[in-house]
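The values are calculated or read from the model by the stated rules, or taken from the named source; none is laboratory data. Worth saying up front: this structure is predicted, and the values here are computed from it rather than measured. In this analysis, Cβ positions are derived from the backbone assuming ideal geometry, glycine residues included, and neighbour counts consider all displayed protein chains. Only protein heavy atoms, including side chains, enter the accessible area calculation; ligands, DNA and RNA are left aside. Shrake-Rupley method; radii C 1.70, N 1.55, O 1.52, S 1.80 Å.
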Amino acid sequence: VKLHTLAKSKGKLYFGTATDNPELTDTAYDAILDDGAMFGQITPGNSMKWDATEPTQGTFTWTGADQIVDLAQANGQILRGHNCVWYNQLPSWVTSTTWTAATLTSAIQTHCGTLVGHYKGQIYSWDVINEPFNDDGTWRSDVFYNTLGTTYVQIALEAARAADPDAKLYINDYNIEGPGAKATAMLNLVQTLKAASVPIDGIGFQSHFIVGELPSGIQTNFEAFTAQGVEIAITELDIRMTLPSTPALLAQQKKDYTTIISACQAVTGCVGVTVWDWTDKYSWVPSTFSGQGAACPWDENFIRKPAYDGIAIGF
Ligand code: XIL
């Protein structure tokens, strides 16, 4: 059974994957990526980020992002845009300019409006804001918050809405999958934005997990969000382990994939699941978390792991 077809048959909108431009020269990789029955949705892993799309203020470069948008459209796959405003992977002009509230507001409006507008009508959902909170639920100290306070969120969301009224506008973060201070902060933000009629359609739960360490209470937490009138999605799923992988770790990983997919399946407002690339060959994990890896449902030789069956069981 192929995973997007299965997810659709169980009432979800999509099962999808992140991908990145350098991998696309790997024809064996492409053969699986391009299968719309396996992946009904694509997220560019890097090429829509601020450093890639507006490396110099006011000069936009679309080559990488367009390549992935074109690929998804050729395969009949819907797209998640990722992302407009994030503290990371910023061009140096954003981090080095001495901003005023007015000049940074204008820069955010130009960036989000131009980026979202370039793909108007072609993107199912946009991560307009990425990773706004610290793990303790306080606001992340970055150029946006430090210059504009929490108002940068509204500024970006309104610019995105104006640029593509049909795109679902999301805020996306990690360590909000289970209940806790960070999830509460995100829930409070949703309530505040809704009360102020700021456009917000969805919350993305990145879901970068560690084998055997999934939080408890995921479904209940998901329901607390959908009860506020937003949809939700699992946006960057992977479940890493300390290498080397063993049969026992792979068996636990299978269970963990089932757990998170089941939580989405149980919540009507959870629209879909995206893995943060499908093969260990191109996972971001080993280069980011030293000594860890094997986080994806396919191994580095494109062989399905037990995790694949774990996903299928969860839907
Ligand atoms: C990662 C990419 O996968 C890497 O290739 C890049 O070097 C760093 O960023 N949360 C996010 C994603 O929202 O944008 C990150 O993607 C992974 C963590």
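Quick notes on this structure:
- The selection criterion, being surrounded by 17 or more Cβ atoms within 10 Å (Cβ to Cβ), assigned to a strand (DSSP E or B) and within 16 Å of the ligand (Cβ to nearest atom), holds for residue 83.
- For segment 1-23, a residue qualifies if it is open to solvent by less than 20 Å² (accessible area, probe 1.4 Å) and within 15 Å of the ligand (Cβ to nearest atom), and the qualifying residues are 16, 17, 18, 19, 23.
- The criterion of being within 16 Å of the ligand (Cβ to nearest atom) and in contact (Cβ under 8 Å) with a residue 24 or more places away in the chain does not hold for residue 254.
- Residue 90 vs. criteria open to solvent by less than 60 Å² (accessible area, probe 1.4 Å), in a helix (DSSP H, G or I) and touching a residue at least 40 places away in the same chain (Cβ under 8 Å): no
- Near pairs, Cβ below 6 angstrom, 6+ apart or cross-chain, from segment 284-300 (farther than 14 Å from residue 210 by Cβ) to any residue that is basic (Lys, Arg) and part of a loop (DSSP other than H, G, I, E, B): 297/305; 299/305
- Residue that is nearest to residue 119 (Cα to Cα) [pool: residues in segment 56-77 that are surrounded by 12 or more Cβ atoms within 10 Å (Cβ to Cβ) and among the β-branched types (Val, Ile, Thr)]: 69
- Subset of segment 159-208 [within 16 Å of the ligand (Cβ to nearest atom) and open to solvent by 10 Å² or more (accessible area, probe 1.4 Å)]: 174, 175, 208
- Restricting attention to segment 144-160, the residues that are small (Gly, Ala, Ser) and free of Cβ contacts under 8 Å to residues at least 12 places away in the same chain add up to 1.
- Residue in segment 109-119 that is without any contact (Cβ under 8 Å) to a residue 24 or more places away in the chain, out of contact with any Leu (no Cβ under 6 Å at 6 or more places or on another chain) and away from the ligand (no atom under 16 Å from the Cβ) present: no
- Single residue of segment 273-315 satisfying the filter (among the polar types (S, T, N, Q) and surrounded by fewer than 19 Cβ atoms within 10 Å (Cβ to Cβ)) that is nearest to the chain's Cα centre (by Cα): 288
- Residue 142 farther than 30 Å from residue 39 by Cα, among the acidic types (Asp, Glu), touching a Lys or Arg at 6+ places or on another chain (Cβ under 7 Å) and surrounded by fewer than 20 Cβ atoms within 10 Å (Cβ to Cβ): no
- Residue check, residue 216 touching a residue at least 12 places away in the same chain (Cβ under 8 Å), of a type outside the set (D, E, K, R) and open to solvent by less than 60 Å² (accessible area, probe 1.4 Å): no
- Verdict on residue 230 being open to solvent by less than 10 Å² (accessible area, probe 1.4 Å) and within 16 Å of the ligand (Cβ to nearest atom): no
- Verdict on residue 20 being under 30 Å from residue 107 (Cβ atoms), charged (D, E, K, R) and at pLDDT 95 or above: yes
- If you go through segment 100-122 and keep only what is part of a loop (DSSP other than H, G, I, E, B) and open to solvent by 10 Å² or more (accessible area, probe 1.4 Å), you end up with 100, 120, 121, 122.
- Residue within segment 169-176 that is free of Cβ contacts under 8 Å to residues at least 40 places away in the same chain and acidic (Asp, Glu) present: no
- Test: residue in segment 61-75 that is in a loop (DSSP other than H, G, I, E, B) and more than 23 Å from residue 272 (Cα to Cα): yes
- Qualifying residue in segment 273-280 (condition: of a type in the set (Phe, Trp, Tyr) and in contact with a Ser or Thr (Cβ under 8 Å, 6 or more places away or on another chain)): yes
- Looking across segment 276-309, just one residue is among the acidic types (Asp, Glu) and closer than 19 Å to residue 259 by Cβ, and that is 309.
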